[in-house]
Amino acid sequence: MDKLTEFYSSFRQLSLPAKSIILTPTEKVLDVHHIEKGYVRMYLIEESGIELTLNIFRPGSYLPLFLALTSKKNSYYFESITDIIYRKAPVEKFLDFIQDKPSILYDFTKRLAAGLNGYLIKTEILLLHDAYKKIISLLAYLAEHFGEKQENGITINMEITHYFISTMLGITRETVSRQMRKLEKQGVIQTGDQRLVILKPEAVRFPF
């Protein structure tokens, strides 16, 4: 058991069902949540009412880590995509614990650097590519980070709706539906039972 896992083991294990709001922009960040099982998304709502999903957190994530480290005001919603199991530690105790732990701080630095690289790639995709390539790149991302290899391809173990994809890419749900139908006809993906299967992983590689 590593030091941070041991630290969190002293706090009560909690659970929430899918589509539960964990944190809103109106709330002060009081705790750092350690996700043990399930997935959480971070999103914002524009003045027009449009949702934009900015990140997906998987098991092993600490959130909102970047806000806890910078003491910045929260502007985002955090919502469970699936049922989740987690523990939470007060921000003050969390910061006191990690400040003299170089190995933990180094791990967090790598996490933040990887996150920054992901945002740069996403910015490139959103600015330079058409809707079809945007969806291809998102499928590649989902396959790499959230996929499970099976005999018939790679299964994404969370509910991926056309609306959800539209919030990730900033395009309309109707556009997503057209492109997804095209990919199904090409035999690249298969949908059903609230699951997405990538039948031809070689067809959703990024960079193109």
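The values are calculated or read from the model by the stated rules, or taken from the named source; none is laboratory data. These numbers come from a predicted model, not from an experiment. In this analysis, Cβ positions are derived from the backbone assuming ideal geometry, glycine residues included, and neighbour counts consider all displayed protein chains.
Here are some notes:
- Pair list, Cβ < 9 Å and 6+ apart or interchain, from region 65-77 residues that are within 17 Å of Arg87 (Cα to Cα) to residues that are modelled with pLDDT under 90 and of a type in the set (A, V, I, L, M, F, W, C): Leu65/Phe108; Leu65/Leu112
- So Leu54, is it over 17 Å from Phe146 (Cβ atoms) and among the aliphatic types (A, V, I, L, M): no
- The listed residue being among the aliphatic types (A, V, I, L, M) and free of Cβ contacts under 8 Å to residues at least 24 places away in the same chain, out of Leu142, Leu128: Leu128
- Considering only residues in region 42-64 that are free of Cβ contacts under 8 Å to residues at least 60 places away in the same chain and of a type in the set (D, E, K, R), the one that is farthest from Leu105 (Cα to Cα) turns out to be Glu47.
- Any hit, region 191-202, residues being among the polar types (S, T, N, Q), at positive phi and in contact (Cβ under 8 Å) with a residue 12 or more places away in the chain: yes
- Residue pairs whose Cβ atoms lie under 8 Å apart, separated by 6 or more positions or on different chains, with the first residue in region 157-174 and in the same structural domain as Leu44 (by TED's automatic domain parsing) and under 11 Å from Ile50 (Cα atoms) and the second small (Gly, Ala, Ser) and surrounded by fewer than 15 Cβ atoms within 10 Å (Cβ to Cβ), do not occur.
- Tally of residues being in contact (Cβ under 8 Å) with a residue 12 or more places away in the chain, within 23 Å of Lys72 (Cα to Cα) and either surrounded by 14 or more Cβ atoms within 10 Å (Cβ to Cβ) or among the β-branched types (Val, Ile, Thr) (or both) across region 21-41: 12
- Residue match in region 115-122 (condition: touching a helix residue (DSSP H, G or I) at 6+ places or on another chain (Cβ under 7 Å), assigned by TED's automatic domain parsing to the domain that holds Lys19 and within 24 Å of Asp2 (Cβ to Cβ)): no
- Residue in region 179-187 that is out of contact with any Leu (no Cβ under 9 Å at 6 or more places or on another chain), assigned by TED's automatic domain parsing to the domain that holds Phe57 and either β-branched (Val, Ile, Thr) or more than 21 Å from Arg58 (Cβ to Cβ) (or both) present: no
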